Amino acid sequence: MTHMHLNKGLLLAVCMIFCSAGLATAETVLRLAENQPETNPVTVAMHRFAELVGEYTDGEVKVEVYSGAQLGQEVESIEMTQAGVVDMARVNTVPLANVTPSVGVFTLPYIFSSTEHKYKVLDGKIGQGVRADMAQAGLIGFDFMEAGSRSFYTREGAPVSSIDDLAGLKIRVQNSPISIRMVELLGGVPTPMNYGEVFSSLQTGVIDGAENDFVSFLTSGHYEVAPNYVIDGHLSPPAILIMNKARFDSLSADLQGAISRAAHEAAMYERELMFAANDEARAKIESAGVTVQEIDNGPFQEAILPIYEEFPHLGDLIVQIRAAN
């Protein structure tokens, strides 16, 4: 496990939150870390999950959702879930691939040919097998959720309308080997950094651009400092709710079933919300003056082909995913 990076300040903040939450209660309290703001569909769905858990356990289990990165960004929340500092976290599969390598196959560029293909894979045997692998990292993975299709956006003066325009641009990526290599193959300069640092880095020119879906682009405010959005749809990595395995195993079979049922229903709810929210977010950012450009991503797909050979541990899964198309 890779959870020994936790900084003392963050741990102290977590302790202060939890200590002040009050411990004199007979109910089981599960603390869930969420890095997105309250308005994001994933956060809305996590509150729905909390409601369903309360309903399906007759109040025996209470889920407390700490949104807006109160408990750190996704890398920290994965580490804290592994360590048992928090019980659950809703994260993207990109940083999760650092502790469960097989999940990285879902974060490969252009791995899914369509939304239908994506969920045929995620909800089928391939997705179930990858979720089972999470146990090796001390985690339980519930149903996959929609995290949008990621595309590039850039600052004023650095518009991208073709793959050639990416050459030399400093692009923020999540800290994963696949995301880093993808931007390299596309000619950009990958710049890993925490999500919370992206706005100021775009504003000050530390980076030229970043990549994300329409919803995160809107709710993060990045559209205010990066008014050029080009739809290339390079990544469509799902999100997922994870739980500390030891904590899950400590619960009765009835409670485990109730939590799993609530997680499944919340995931289905989140998918609907996210698809609708992406359409709405696109309309909002365009009305705010952002230039949204749809381009032929054929040259992008061709440029990243070497990446499929560079992660041999994912080879079998890549074959299976293509066969499911």
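Any residue in region 28-35 that is part of a helix (DSSP H, G or I) and assigned by TED's automatic domain parsing to the domain that holds R261?
Within region 28-35 (the criterion being part of a helix (DSSP H, G or I) and assigned by TED's automatic domain parsing to the domain that holds R261), the answer is no, since none of the residues qualifies.
The residue that is surrounded by the most Cβ atoms within 10 Å (Cβ to Cβ), counting only those in region 60-82 that are of a type outside the set (A, V, I, L, M, F, W, C) and modelled with pLDDT under 90, is G72. Annotation: E224 fulfils all but one of (1) of a type outside the set (S, T, N, Q); (2) more than 16 Å from the chain's Cα centre (by Cα); (3) modelled with pLDDT under 95; the unmet one is (3). Out of the residues in region 83-110 that are surrounded by fewer than 22 Cβ atoms within 10 Å (Cβ to Cβ) and over 16 Å from the mean Cα position of the chain (by Cα), state the one that is nearest to Q36 (Cα to Cα). Among residues in region 83-110 that are surrounded by fewer than 22 Cβ atoms within 10 Å (Cβ to Cβ) and over 16 Å from the mean Cα position of the chain (by Cα), the one nearest to Q36 (Cα to Cα) is D87. Of the residues making up region 277-325, those that are touching a helix residue (DSSP H, G or I) at 6+ places or on another chain (Cβ under 8 Å) and either among the aliphatic types (A, V, I, L, M) or not in a helix (DSSP H, G or I) (or both) number 17. When region 88-120 is filtered for residues that are within 24 Å of I259 (Cα to Cα), assigned to a loop (DSSP other than H, G, I, E, B) and out of contact with any Gly (no Cβ under 7 Å at 6 or more places or on another chain), the ones remaining, listed by number, are V99, T100. When D208, D232 are checked against the criterion of being outside the structural domain of V42 (by TED's automatic domain parsing) and over 21 Å from the mean Cα position of the chain (by Cα), D208 stands alone in meeting it. For R131, the criteria (1) out of contact with any helix residue (DSSP H, G or I) (no Cβ under 8 Å at 6 or more places or on another chain); (2) crowded, with 19+ Cβ neighbours inside 10 Å; (3) not assigned by TED's automatic domain parsing to the domain that holds E74 hold in every case but one, which is (3). Being under 23 Å from A137 (Cβ atoms), out of contact with any Gly (no Cβ under 8 Å at 6 or more places or on another chain) and either in a helix (DSSP H, G or I) or of a type in the set (G, A, S) (or both) narrows it down to one residue among L255, L251; which is it? Exactly one of L255, L251 is under 23 Å from A137 (Cβ atoms), out of contact with any Gly (no Cβ under 8 Å at 6 or more places or on another chain) and either in a helix (DSSP H, G or I) or of a type in the set (G, A, S) (or both), namely L255.
Applying the criterion of at least 1 residues that are among the charged types (D, E, K, R) to the strands (runs of 3 or more DSSP E) found wholly in region 135-238 leaves 139-145, 150-154, 170-173, 209-212, 228-235. Say whether the condition of being surrounded by fewer than 21 Cβ atoms within 10 Å (Cβ to Cβ), under 30 Å from V85 (Cα atoms) and free of Cβ contacts under 8 Å to residues at least 12 places away in the same chain is met by at least one residue in region 241-250. Checked region 241-250: at least one residue is surrounded by fewer than 21 Cβ atoms within 10 Å (Cβ to Cβ), under 30 Å from V85 (Cα atoms) and free of Cβ contacts under 8 Å to residues at least 12 places away in the same chain. Condition test on G141, is it in the same structural domain as V75 (by TED's automatic domain parsing), in contact with a helix residue (DSSP H, G or I) (Cβ under 6 Å, 6 or more places away or on another chain) and more than 26 Å from I285 (Cα to Cα)? Yes, satisfied. From (1) modelled with pLDDT under 95; (2) in contact with a strand residue (DSSP E or B) (Cβ under 7 Å, 6 or more places away or on another chain); (3) surrounded by 23 or more Cβ atoms within 10 Å (Cβ to Cβ), pick out the condition that doesn't hold for S149. For S149, the exception is condition (3). With respect to the conditions (1) modelled with pLDDT under 95; (2) in the same structural domain as I140 (by TED's automatic domain parsing); (3) touching a Ser or Thr at 6+ places or on another chain (Cβ under 9 Å), D254 lacks only one, and its number is (1).
Let me confirm something: among A33, A45, which residue is touching a helix residue (DSSP H, G or I) at 6+ places or on another chain (Cβ under 7 Å), buried (at least 23 other Cβ atoms within 10 Å of the Cβ) and over 15 Å from M243 (Cβ atoms)?
Criteria check complete, one pass: A45.
The values are calculated or read from the model by the stated rules, or taken from the named source; none is laboratory data. Treat the numbers as computed from the prediction; the structure is a model and nothing was measured. Positions of Cβ are generated from backbone atoms using ideal geometry, with glycine treated the same way; all protein chains shown enter the neighbour counts.
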